[in-house]
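Peer 1: Got a structure for you, written out below as structure tokens; questions coming shortly.
The values are calculated or read from the model by the stated rules, or taken from the named source; none is laboratory data. Remember, predicted model here, so these are calculated numbers, not experimental data. Glycine also receives a Cβ, built like all others from the backbone with ideal geometry; neighbour counts cover every protein chain displayed. Accessible surface is based on the protein model in full, side chains and every heavy atom, while ligands, DNA and RNA are left aside. Shrake-Rupley method; radii C 1.70, N 1.55, O 1.52, S 1.80 Å.
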Amino acid sequence: DARYSARYNGATYWFSSEENLNLFKDNSAIYAPQYGSFCGYAMSLGKLRPVNPEIYQIVNGRLILQHTQMAYDLFNKDLEENTRKA
């Protein structure tokens, strides 16, 4: 919802509620996506792909977004190695 937005590191983030917005504002760094907001799997291959904000996971306290469900599945086949490579 555009009513609940915040800017962080040059990007605009939209939230579904004021509560979620305030959580983000309180500690933006821990909620910001990894890899410059690009697809984690693509990054592990040295490529850039946009993401689907509905395909994500939290790994060791870090938000990782993926481009597609297939990218999510492939990334998780070897999560530790793909995270290192990304």
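Peer 1: Taking R0 as 25 Å, what FRET efficiency do you get between residue 70 and residue 48 from their Cβ-Cβ distance, rounded to the nearest 0.05? Walk me through the numbers before you get to the answer.
Peer 2: Details: r = 17 Å, r/R0 = 0.67.
Calculated value: 0.90.
Peer 1: Rounded to the nearest 500 deg cm²/dmol, what is the calculated helix-only ellipticity per residue at 222 nm for the chain, with -39500 (n - 2.57) per DSSP H run of length n ≥ 4? Spell out each step's value before the answer.
Peer 2: Working: 5 runs with 34 residues, N = 86.
Here the helix-only value at 222 nm equals -9500 deg cm²/dmol.
Peer 1: Taking a probe of 1.4 Å, how large is the accessible area per residue of region 1-69, in Å²? If you can, show how the numbers build up before the last one.
Peer 2: Details: 4540 Å² over 69 residues.
Computed with neighbouring chains in place, this is 66 Å² per residue.
Peer 1: For residue 56, project a label point 7 Å along Cα to C-beta. Then give me every residue of region 67-82 with its amide nitrogen under 13 Å of that point.
Peer 2: Under cut-off, by backbone N: 67.
Peer 1: Okay, next question. Mind listing which trypsin sites (Lys or Arg not before Pro) in region 9-86 are in a DSSP loop and have 12 or fewer other Cβ atoms within 10 Å? Intermediate values should be presented prior to the final figure.
Peer 2: Details: sites: 25, 47, 62, 77, 84, 85; in loops: 47.
Here the trypsin sites (Lys or Arg not before Pro) that fit, given the DSSP loop and packing criteria, are 47.
Peer 1: Between residue 16 and residue 37, 0.36 nm times their residue separation minus their Cα-Cα distance comes to what?
Peer 2: Numbers: separation 21, 0.36 × 21 = 7.56 nm, distance 1.87 nm.
Answer, rounded to one decimal: 5.7 nm.
Peer 1: What are the extents of the Cα atoms of region 26-86 along their three principal axes, listed from largest to smallest and rounded to whole Å?
Peer 2: Sorted from largest, the Cα extents of region 26-86 read 33, 21, 18 Å.
Peer 1: Which loop chymotrypsin sites (Phe, Trp or Tyr not before Pro) in region 4-55, with loop taken from DSSP, have no more than 13 other Cβ atoms within 10 angstrom of their Cβ? Write out the running numbers ahead of the final one.
Peer 2: Numbers: sites: 4, 8, 13, 14, 15, 24, 31, 35, 38, 41; in loops: 4, 15, 38.
Sites meeting the loop and neighbour criteria: none at all.
Peer 1: Towards the positive end of the charge dipole of the chain, with charges on Cβ (+1 Lys, Arg; -1 Asp, Glu), say which of 51, 86, 28 has the farthest Cα.
Peer 2: 86
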